[in-house]
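Asks: My questions all concern the structure below.
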Amino acid sequence: MSFFFIMLVLAVLLNVIRLVIGPTGGDRLAALDALNIVITGGMVVFALYTGRDFYIDVALIYGALAFVETIVMARYLEAKK
């Protein structure tokens, strides 16, 4: 199970680097969306590791909010052009 946590941490670090470096707003938005997906996956892995179903509910809510955030940011970037 620790292998999955190491891979999730690596994915988070790579996405944060892209989020900071990304030359355009679209690159940053894609990195933020990927980061949200990795965080949601991490919550699911943590739920499986601990055996508590509550974390899966939290991951579902976080995923829904991340989807709304992506739509709002994409519309903002499109209107900014």
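Asks: For Ile71 and Thr24 in one chain, what is 0.36 nm times their gap in residues minus the Cα-Cα distance, to one decimal in nm?
Replies: 15.2 nm
Asks: If contacts are Cα pairs under 8 angstrom and at least 6 residues apart, what is the relative contact order of the chain in percent? Display every interim value, and only then the final one.
Replies: Details: 56 pairs, mean separation 22.1, N = 81.
27 percent.
Asks: Mind giving me the nanometre distance, one decimal, between the label points for Val58 and Phe5, set 7 Å out from Cα along Cα→Cβ?
Replies: So the two model labels end up 1.5 nm from each other.
Asks: Tell me, what HN-Hα J-couplings in whole Hz come from the Karplus equation 6.51 cos²θ - 1.76 cosθ + 1.60 at θ = phi - 60° for each residue of segment 4-17, using x for Gly and Pro?
Replies: Computed from phi, the couplings for segment 4-17 are 5, 5, 5, 5, 5, 5, 4, 5, 5, 4, 5, 5, 5, 4 Hz.
Asks: With percent of Cα pairs over 18 Å apart defined as stated, name the option among (i) 50; (ii) 43; (iii) 75 computed from the structure displayed.
Replies: Here percent of Cα pairs over 18 Å apart agrees with entry (i).
Asks: Once every DSSP H run of n ≥ 4 in the chain is given -39500 (n - 2.57) and the sum is divided by its residues, what mean residue ellipticity at 222 nm do you get, rounded to the nearest 500 deg cm²/dmol?
Replies: Roughly -32000 deg cm²/dmol at 222 nm, from the helical runs in the chain.
Quick note: the coordinates plus some simple rules give every number you see, no bench work behind them. These figures come from a predicted structure and were not determined experimentally. Because the Cβ atoms are built from the backbone with ideal geometry, glycine has one as well, and the counts that use them run over all protein chains shown.
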